[in-house]
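Read the structure below first, then the notes.
The values are calculated or read from the model by the stated rules, or taken from the named source; none is laboratory data. As the structure is a prediction and not an experimental result, all values here were calculated from the model. Virtual Cβ from ideal backbone geometry, glycine too; neighbours counted across all protein chains shown.
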Amino acid sequence: MGKIMRMRNKEMEKRDLKKLCSLVIKWAEGAGTITARHQRKLSSLHISRKVALGVVSEADVASEEYLLKKMRKIYKGDNILAEESSYHSHGGKGANLESFKNSEWCWAVDPLDGTTNFLNGMDYYSIAISLMYFGRPVLGVVYRPSNGDCFYAYEGGGAYFLNMRDKKRPMKLIPRRNTKNIRDTLLVTGFAGEKGQTLLSEFTYFRKLVQSARGVRRLGSAALDLCYVARGTFDGFWESGLGPWDVAAAGIICLEAGVHVADYKGNEFSPFESSIIAARLPLFNSLLKYIRHGRKKRKSVG
């Protein structure tokens with residue numbers, strides 16, 4: 001196993017992740033220009049519905065086609081796990097994620113995270129792009145076209161925030177502790193109702209935390225939610241039923257910013273797991289206790 005890991009690390013070093021990050025930011029900015037242009041003509045957009053996955057618009061498709069073209073031009077041998085094309089190429093049932101998890105190099109792409117917001121003229125949506133190495137995110141970029149906010153990180157290089165409009169130097173997101181009690185926190189979450197999963201368990205967690213925290217928000221873009229946890233705007237995030245394209249980029253941004261990320265059982269972060277919790281320590285431990293208590297309560301009722 002050790003020999004395999006050394007071989008993998010040596011192979012990964014062949015890619016300059018810092019340089020690649022700059023390129024991916026340009027891709028995200030280009031995709032953002034496309035989505036912004038489409039949002040200015042919402043009344044004429046074609047919209048369809050994906051079974052158990054919500055809505056998709058022309059803007060999602062156009063953004064994804066742009067990004068895939070950029071990736072395939074330079075990295076022809078890499079796998080690409082993109083939300084819209086993965087769904088359609090597998091007969092409307094979604095991709096076999098296990099094969100992507102075991103890929104040496106795989107891009108996880110959400111061309112428009114927050115489509116419902118986008119279609120209602122809200123500015124809380126994003127483009128999320130991650131490069132994974134044997135299922136582990138090693139690079140991530142999340143871009144919010146409406147205001148220019150851009151978050152990015154690469155493995156071992158730290159996490160950064162910059163605004164593409166003010167052209168200031170990137171701000172490093174410094175790892176730090178969050179010693180707040182739950183009652184003093186502002187949390188953010190999402191519900192997986194449109195994804196064919198029961199809402200009952202999610203409402204169990206939500207009801208408990210909304211009664212305990214200072215505030216809980218549901219804004220509609222998991223990628224942005226996680227990035228604002230990394231920046232410190234929100235204290236913590238939890239959600240289930242997300243895809244790798246939703247959390248891979250923001251996940252590494254959180255990790256490099258010193259945010260603790262795991263699944264509902266407390267296991268180490270993987271974008272292929274069905275649940276995610278993110279918060280800085282020691283607050284993370286308190287948030288995890290609430291989720292675990294909700295899970296036990298749900299099982300005892302069931």
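Quick notes on this one:
Residue by residue, here is whether (1) over 20 Å from the mean Cα position of the chain (by Cα); (2) farther than 30 Å from residue 268 by Cα; (3) among the β-branched types (Val, Ile, Thr) holds:
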{"site": "113", "(1), (2), (3)": "no, no, no"}
{"site": "123", "(1), (2), (3)": "no, yes, no"}
{"site": "140", "(1), (2), (3)": "no, no, no"}
{"site": "161", "(1), (2), (3)": "no, no, no"}
{"site": "169", "(1), (2), (3)": "yes, yes, no"}
{"site": "179", "(1), (2), (3)": "yes, no, yes"}
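- Of all residues in the stretch 154-189, those satisfying the criterion of being assigned to a loop (DSSP other than H, G, I, E, B) and at positive phi are 156, 167.
Table: residues versus (1) more than 20 Å from residue 15 (Cα to Cα); (2) assigned by TED's automatic domain parsing to the domain that holds residue 190; (3) at pLDDT below 95; (4) not charged (D, E, K, R).
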site	(1), (2), (3), (4)
119	yes, no, yes, yes
127	yes, no, no, yes
133	no, no, no, yes
137	no, no, no, yes
143	yes, no, no, yes
147	yes, no, no, yes
150	yes, no, no, yes
158	no, no, no, yes
168	yes, no, yes, no
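- Residue in the stretch 19-28 that is over 20 Å from residue 106 (Cβ atoms) and modelled with pLDDT of 95 or more present: yes
- Residues of the stretch 274-287 satisfying the condition of being at pLDDT 95 or above and not in a strand (DSSP E or B): 280, 281, 283, 284, 285, 286, 287
- Listed conditions (1) more than 26 Å from residue 22 (Cβ to Cβ); (2) surrounded by fewer than 19 Cβ atoms within 10 Å (Cβ to Cβ); (3) hydroxyl-bearing (Ser, Thr, Tyr) are all met by residue 146, apart from (1).
- Figure legend. Inter-residue proximity from the stretch 30-52: first residues under 14 Å from residue 112 (Cα atoms), second residues surrounded by fewer than 17 Cβ atoms within 10 Å (Cβ to Cβ) and modelled with pLDDT under 80, beta-carbon distance below 9 Å, spacing 6+ or different chains. Indicated pairs: 38/45; 39/45; 47/55.
- The helices (runs of 4 or more DSSP H) located wholly in the stretch 54-111 that include 1 or more residues which are modelled with pLDDT under 75 and crowded, with 17+ Cβ neighbours inside 10 Å occupy 83-88.
- Applying a threshold of 8 Å to beta carbon distances and a minimum spacing of six or more residues, or different chains, the list of pairs starting in the stretch 168-184 at a residue that is within 10 Å of residue 235 (Cα to Cα) and ending at one that is among the polar types (S, T, N, Q) and modelled with pLDDT of 95 or more reads 182/212; 182/286.
- Members of the stretch 249-265 that are within 16 Å of residue 239 (Cβ to Cβ) and part of a loop (DSSP other than H, G, I, E, B): 259, 263, 264, 265
- Verdict on residue 40 being surrounded by 13 or more Cβ atoms within 10 Å (Cβ to Cβ) and modelled with pLDDT of 60 or more: no
- Residue match in the stretch 233-253 (condition: charged (D, E, K, R), under 18 Å from residue 144 (Cβ atoms) and modelled with pLDDT of 95 or more): yes
- Only one of 201, 240, 221 that is of a type in the set (S, T, N, Q), over 23 Å from residue 289 (Cβ atoms) and either touching a residue at least 40 places away in the same chain (Cβ under 8 Å) or not assigned by TED's automatic domain parsing to the domain that holds residue 141 (or both): 221
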